[in-house]
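Asker: Attaching a single structure in structure tokens format; questions to follow.
The values are calculated or read from the model by the stated rules, or taken from the named source; none is laboratory data. Owing to the predicted nature of the structure, the values given are computational and were not obtained by experimental measurement. Cβ placement follows ideal geometry from the backbone for every residue including glycine, while neighbour counts extend to all protein chains displayed. Only protein heavy atoms, including side chains, enter the accessible area calculation; ligands, DNA and RNA are left aside. Shrake-Rupley method; radii C 1.70, N 1.55, O 1.52, S 1.80 Å.
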Amino acid sequence: MTVRNAILMIIALLLGAAIVAVPLYANGYYLALGISILYFTVLATAWAMFSGPTRYISLATAAFFGIGAYSAAITAETLSWPLQLLVAAGAGGVVAAITGLSTLRLSGIYFVIFSFGLAELIRQLVIWYEVNVHKSVGRYLFSDITQEVLYWQLLGLAVVVLLAGYALNRSRYGLALRAIGADETAARHAGINATLVKLGVFVASAVFMSVAGAMMAPRWTYIDPAIAFNPMISFQVVIMALLGGATHLLGPLLGVVPLVLLFEVLTAALPNHFSIVLGLVFVAIVMALPQGVIGLIAPLLARPHAKPVAMPAIAESPLLSVERVSKSFGGLRAVEGVSLTVAQGEILGIIGPNGSGKTTLLNMLSGALIPTTGTIRLGDAVISGLPAHKIARLGLARTFQLVRVMPELSIAENVAAAALFRAGASAGSETEIHDLLELVGLGRRSDTPAGELTYIDQKRLELARALALEPRILLLDEWLAGLNPSELETGIALIARLRDRGLTIVMVEHVMDAIRALCNRCLVMSAGKVIASGTPEVVLADRTVITAYLGEADA
Amino acid sequence: MLLFDILLPGLVLGGMYVLIALGLTLQYGVARIMNLSYGEALVAASFAALSLYTGLSLSPLLALLLAVPIAAVLNWLLYRLLLVRLVRRNKDAGAQEVDSILVTFGVLFVIQGLMLVAFGGQYYSYSYLSIPVVILGSTLAVNRLVALAFAAVIGTAVYLALTRTRLGTAVRAVAVDARAASLVGIDVAALAGFAFAFGGGLVAAGGVLVSMFLTFNAAMGVVFTMKALVVVIMGGVGNVMGALIAGLLLGIVETAVARLVDPGLTLAATYTLFLAVLLVRPTGLFGKATS
């Protein structure tokens with residue numbers, strides 16, 4: 001340990017001791033301020049845990065906080081204090097699971113609006129229950145918990161939340177969550193069970209909010225639904241997390257402290273103009289600090305990435321077989337009765353005019369679409385109908401016709417995301433990721449955000465990400481399209497190298513030179529059907545194929 | 001008769017929701033700004049109508065002529081001075097949506113705060129044309145019928161303007177694909193500002209009409225925003241006919257729940273309906289599927 005580290009350590013310890021000891025030296029006013037800072041720290045950190053990486057802006061904080069507070073008020077007379085917290089956590093978790101299951105598949109805007117109304121909805125239901133069943137609205141709460149004890153409880157909870165956030169960021173679920181936020185479709189095809197990851201973190205974040213609510217309940221001696229489900233809490237938490245920066249663990253804390261102090265001053269000095277100033281602060285933060293305070297500081301701090309070490313799995317003999325697969329969109333039969341097999345180590349080319357169903361076929365193979373009829377087998381397993389992430393984990397990887405990288409994630413993280421949940425091994429080692437990037441020709445730039453890459457490099461990256469799944473079979477959807485002649489040469493050589501390593505490939509392609517150079521067999525589709533198959537030389541000379549491409553008169 | 005007691009007020013309420021949602025769908029669908037301060041603008045228009053009526057004895061129907069243009073200009077300024085920066089800053093639509101939600105949140109609090117300072121938190125209403133008439137056996141105040149008639153006229157005019165004029169066609173083109181619209185010579189930035197202002201004008205019209213028969217207070221805007229959003233999303237974003245049906249449906253369901261179950265549960269009913277629709281059809285009743 002260097003002298004500098006030792007000094008930092010001592011400062012941190014002293015600061016920690018000072019924070020823990022606040023109730024011993026602070027008077028009532030400053031203690032109350034400390035309590036406010038702590039409970040907003042818990043709420044904002046828990047909020048950012050989910051909403052930061054996924055960018056699902058949740059306005060349901062007040063709902064979960066209120067559930068905790070109200071359930072504590074109801075159980076106060078019958079249950080011991082730890083049980084009260086447990087009940088609050090359980091209630092918050094269950095409500096989060098139910099709402100999450102039904103709303104997390106909604107994309108951004110729908111989710112915002114639903115969470116916007118959730119607190120109000122629950123408040124109405126609680127009032128209705130109290131009026132009609134309990135026959136009185138509001139509960140009195142007598143508790144022997146002093147301000148000092150409350151402070152220490154919240155401090156403990158804040159530490160737990162920060163540790164949980166830290167553990168989440170370090171685990172593979174942290175990267176998975178950021179991959180989902182960057183591009184959910186790509187994440188699913190990289191083997192990430194997006195629904196489960198999102199739900200899990202959403203529930204965890206809600207549980208923390210509910211426990212915070214239960215702890216805060218004794219602070220009000222009388223509690224009614226309007227106090228417990230105060231929508232202002234949701235807004236304040238969002239603005240705090242955003243001011244600090246929601247993508248960083250300690251970001252929300254940086255927003256909480258100044259804003260709690262500001263609100264405190266405002267309520268005292270300008271009680272009638274509170275919401276005007278709140279609104280102006282809100283606008284100013286979003287306009288001027290899109291990344292939050294942490295966004296100003298973060299570039300100054302280097303972030304080292306630690307990755308668990310893992311061994312690559314060894315592929316056994318694969319075989320893809322497709323039996324009479326069809327897909328209809330309403331009345332349009334995009335793919336009709338297509339059958340094909342792909343042998344181990346083979347490259348199968350699929351060609352055909354635009355709109356002939358090639359991409360639809362690939363989408364069914366990779367699980368983006370479910371076939372209307374027919375079965376698809378990978379090895380012995382039937383994969384038709386499985387969700388995309390399961391197919392990816394079984395060893396089928398793909399690239400997209402319109403390239404899909406996760407723009408905010410670094411190049412290395414894009415690849416690591418795909419290695420997270422593959423079969424057998426856990427996440428990929430740094431050397432493995434580096435080797436993959438080297439293979440596709442992106443070796444030296446692993447820290448660049450993927451969004452800054454050129455088109456061809458994004459395609460390379462997408463390929464590396466697909467390879468990180470250690471696939472048994474790789475689907476390339478017009479991977480060579482849009483490349484200039486020299487890039488094309490490099491691209492063809494790269495695919496050849498993959499074949500030489502024993503990878504089985506299915507490629508949809510319009511570049512006939514590539515089909516001739518690479519494919520053992522190729523398959524021609526037209527209007528959803530296979531009209532020819534065989535070696536490229538034979539197929540490309542076939543009259544029906546020429547007709548399909550060029551039309552009757554020219555043939 | 002109970003059926004008409006629910007159906008008629010339900011239609012009046014639903015008509016208001018349609019008008020209000022029409023403005024929101026213009027702002028969101030064309031200008032790509034999810035405006036959460038929408039309901040506050042509505043309540044502000046209600047207060048304007050109240051002040052004009054009690055202060056200058058100006059009829060709310062004349063107040064429309066004042067409130068709508070003023071609101072349009074204010075909305076245009078809001079767009080040009082503030083929101084257009086978000087459009088320039090964000091390349092992808094998702095980030096712009098999130099940013100616009102957050103900024104208009106701030107605007108929501110500013111407007112609400114100003115109204116609280118001016119009018120306090122209590123409820124207001126005024127009596128204009130509150131003469132009861134009996135239709136199909138159920139009693140209804142004339143002001144409600146007038147409001148419904150105005151909503152129908154304004155709504156139809158907007159619909160025709162969107163579908164039958166060059167400007168309307170250009171607006172719809174921007175809603176479908178802003179980049180493609182710019183490639184065929186449409187000034188997207190100007191049109192987005194225009195659509196935002198126009199949507200703001202519509203919400204002011206809604207606010208004035210609603211003030212004739214509802215009691216309102218400074219903190220009520222959020223409820224209107226939520227309902228307008230529910231209507232827009234249920235009907236499918238940018239779909240005028242969808243908004244019409246969703247709005248009327250919502251009005252009737254709410255009236256029915258208030259009448260038959262408990263007036264305190266109207267929002268719960270709204271959300272249950274909203275969620276049910278979204279679970280079955282995630283893009284709304286008449287929305288197009290996006291892949």
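Asker: Note down the net charge around A:Thr535, summing +1 for each Lys or Arg and -1 for each Asp or Glu among other residues with Cβ under 15 Å from its Cβ.
Answerer: Local charge sum for A:Thr535: -1.
Asker: Ok, one more. To test your reading of the geometry: what angle, between 0 and 90 degrees and rounded to tens, separates the Cα axis of helix B:188-211 from the longest principal axis of chain B?
Answerer: Here the helix axis deviates by roughly 10 degrees.
Asker: Then there's this: Straight-line reach from A:Lys135: which aspartates and glutamates have a Cα under 19 Å away, not including same-chain ones fewer than 8 places off?
Answerer: Those aspartates and glutamates meeting the cut-off are A:Glu77, A:Asp224, B:Asp262.
Asker: So, in nm, how far is label A:His510 from label A:Val3 when the simple model puts each one 7 Å beyond its Cα toward the Cβ?
Answerer: 6.8 nm
Asker: Ordered by residue, what ³J(HN,Hα) values in Hz, to whole numbers, does region B:74-81 give under the Karplus form 6.51 cos²θ - 1.76 cosθ + 1.60, where θ = phi - 60° and Gly and Pro are x?
Answerer: With coefficients 6.51, -1.76 and 1.60, one gets 4, 5, 4, 4, 4, 5, 5, 7 Hz.
Asker: Helix by helix, which DSSP H runs in chain A go 27 Å or more along their axis at the Cα atoms and have an average Kyte-Doolittle hydropathy of 1.6 or more?
Answerer: A:194-216, A:251-269
Asker: Given a 1.4 angstrom probe, what's the average accessible area per residue across chain A, in square angstrom? Don't jump to the answer; show the numbers that get you there.
Answerer: On the way: 23600 Å² over 555 residues.
Spelled out: the 1.4 Å probe surface of chain A, per residue, equals 43 Å².
Asker: Report, to the nearest whole %, how much of the accessible area of region A:320-550 belongs to carbon and sulfur atoms, 1.4 Å probe, protein only.
Answerer: Whole-percent figure for carbon plus sulfur exposure: 52.
Asker: Write down the Kirkwood hydrodynamic radius of chain A, to one decimal in angstroms, obtained as one divided by the mean of 1/r over all alpha carbon pairs.
Answerer: Radius from the Kirkwood sum: 26.5 Å.
Asker: Here's something else I'd like to know. What does a probe at B:Val153 reach in region B:45-72, counting residues whose amide N is under 16 Å from the point 7 Å along Cα→Cβ?
Answerer: In region B:45-72, the label zone of B:Val153 (backbone N under 16 Å from the point 7 Å along Cα→Cβ) covers B:59-69.
Asker: Return the distance in nm (one decimal) between the two label points of a simple spin-label model at A:Ala268 and A:Thr373, each offset 7 Å from Cα along Cα→Cβ.
Answerer: 7.7 nm
Asker: Follow-up question, since we're still on this one. A plus B alone minus the pair: what accessible area, both sides summed, probe 1.4 Å, in Å² to 100?
Answerer: Protein heavy atoms only, the A-B interface buries about 3400 Å².
Asker: Could you look at region B:171-291 and say what percent of its accessible area is carbon and sulfur, using a 1.4 Å probe and all protein chains?
Answerer: 69 percent
Asker: In what sequence, largest accessible area first, do A:Glu452, A:Glu148, A:Glu346, B:Glu40 appear using a 1.4 Å probe? It would help to have the intermediate numbers written out before the result.
Answerer: On the way: A:Glu452 130, A:Glu148 70, A:Glu346 20, B:Glu40 0 Å².
I get A:Glu452, A:Glu148, A:Glu346, B:Glu40, largest accessible area first.
Asker: Can I ask one more? Can you check how the C-alpha radius of gyration of chain B compares to 2.2 N^0.38 Å, as a plain ratio? Don't skip to the answer; put the middle values down first.
Answerer: Values: Rg = 18.6 Å, N = 291, 2.2 N^0.38 = 19.0 Å.
That works out to 0.98 for chain B.
Asker: Tell me the net charge near B:Leu36. Cut-off is 15 Å between Cβ atoms, B:Leu36 excluded, with +1 for each Lys or Arg and -1 for each Asp or Glu. Don't jump to the answer; show the numbers that get you there.
Answerer: Values: positive: B:Arg32, B:Lys227; negative: A:Glu120, B:Glu40, B:Glu97, B:Asp99.
So the surrounding residues net to -2.
Asker: Starting from the Cα-Cα distance between A:Arg324 and A:Leu280, subtract it from 0.36 nm times their residue separation and give me the gain in nm to one decimal.
Answerer: Using 0.36 nm per residue and subtracting the Cα-Cα distance, I get 9.7 nm.
Asker: Let me ask something additional. What's the angle, to the nearest 10 degrees (0 to 90), between helix B:266-280's Cα axis and the longest principal axis of chain B?
Answerer: 40 degrees
Asker: If you don't mind, there's one more thing I want to ask. Can you tell me the convex hull volume per residue for region B:30-137, based on C-alpha atoms, in Å³ to the nearest whole number? Numbers along the way, then the final one.
Answerer: Working: hull volume 17.3 nm³, N = 108.
For region B:30-137, the hull spanned by Cα atoms encloses 161 Å³ per residue.
Asker: I've got another one for you. Express the Stokes-Einstein translational diffusion coefficient of region B:132-231 in µm² s⁻¹, to the nearest whole number, given a Kirkwood radius over alpha-carbon pairs, 10 °C and a viscosity of 1.306 mPa s. It would help to have the intermediate numbers written out before the result.
Answerer: Values: Rh = 16.1 Å.
The diffusion coefficient I find is 99 µm²/s.
Asker: Applying 1/(1 + (r/R0)^6) with R0 = 35 Å to the Cβ-Cβ distance of A:Ala517 and A:Ser339, what FRET efficiency is obtained, to the nearest 0.05?
Answerer: On the way: r = 26 Å, r/R0 = 0.75.
Step by step, r from the Cβ atoms, then E = 0.85.
Asker: Can you give the FRET efficiency to the nearest 0.05 for A:Asp500 and A:Leu402, using r as the Cβ-Cβ distance and R₀ = 30 Å? Kindly include the intermediate steps, with their values, before the conclusion.
Answerer: Working: r = 29 Å, r/R0 = 0.95.
According to the calculation, E is roughly 0.55.
Asker: Can you pick out the pairs among A:Lys198/A:Lys327; A:Lys198/A:Lys390; A:Lys327/A:Lys529 whose Cα atoms lie more than 20 Å from each other? Before the final figure, lay out the partial values.
Answerer: Working: A:Lys198/A:Lys327 30 Å; A:Lys198/A:Lys390 16 Å; A:Lys327/A:Lys529 11 Å.
Cα-Cα > 20 Å for A:Lys198/A:Lys327; rest within.
Asker: From the residues A:Thr146, A:Leu31, A:Met287, which one has its Cα farthest along the dipole of the protein assembly as shown in the positive direction, the dipole being from +1 and -1 charges on Cβ of Lys/Arg and Asp/Glu about the Cα centre?
Answerer: A:Met287
Asker: Residues of region B:236-275 that become at least 10 Å² less accessible with every protein chain present than in their own chain isolated, using 1.4 Å: which are they?
Answerer: B:Val237, B:Asp262, B:Gly264, B:Leu265, B:Leu267, B:Ala268, B:Tyr271, B:Phe274, B:Leu275
Asker: Please report the relative contact order for region A:18-230, taking Cα pairs under 8 Å with a sequence separation of at least 6, and give it as a percent rounded to a whole number.
Answerer: 44 percent
Asker: Another question, if that's okay. For region B:11-82, take N as its residue count and report Rg(C-alpha) divided by 2.2 N^0.38 Å.
Answerer: So the Cα radius of gyration is 1.20 times the expected 2.2 N^0.38 Å.
Asker: Taking the Cα atoms of region A:320-550, report the difference between the largest and smallest coordinate on each principal axis, in whole Å and largest first.
Answerer: 49, 38, 31
Asker: Multiplying the sequence separation of A:Val131 and A:Leu14 by 0.36 nm and subtracting their Cα-Cα distance, what value in nm do you get? Show your work: numbers first, answer last.
Answerer: Numbers: separation 117, 0.36 × 117 = 42.12 nm, distance 5.13 nm.
Contour length minus Cα-Cα distance gives 37.0 nm.
Asker: Please compute the contact order of chain A in relative form: average sequence separation of alpha-carbon pairs under 8 Å and at least six residues apart, divided by the residue count, as a percent.
Answerer: It comes to 16 percent, rounded to a whole number.
Asker: Would you list B:Val176, B:Val117, A:Val22 from the most to the least accessible area, probe 1.4 Å? Present the calculation step by step, with values, prior to reporting the outcome.
Answerer: Details: B:Val176 115, B:Val117 75, A:Val22 25 Å².
My answer, sorted largest first, is B:Val176, B:Val117, A:Val22.
Asker: Here's a follow-up. For the pair B:Ser51 and A:Leu79, how long in nm is the line joining their label points, each one 7 Å along Cα→Cβ?
Answerer: It works out to 5.0 nm between the two label points.
Asker: Another question about this same structure. Would you mind estimating how fast region A:18-230 diffuses translationally, via Stokes-Einstein at 25 °C and 0.890 mPa s with the Kirkwood radius over Cα pairs, in µm²/s?
Answerer: The Stokes-Einstein estimate is 137 µm²/s.
Asker: What shape does region A:75-140 have by the C-alpha gyration tensor, where a ≥ b ≥ c are the square roots of the eigenvalues, rounded means a/c under 1.5, and otherwise prolate means a/b greater than b/c and oblate the rest?
Answerer: It is oblate, given that a/c is not under 1.5 and a/b is not larger than b/c.
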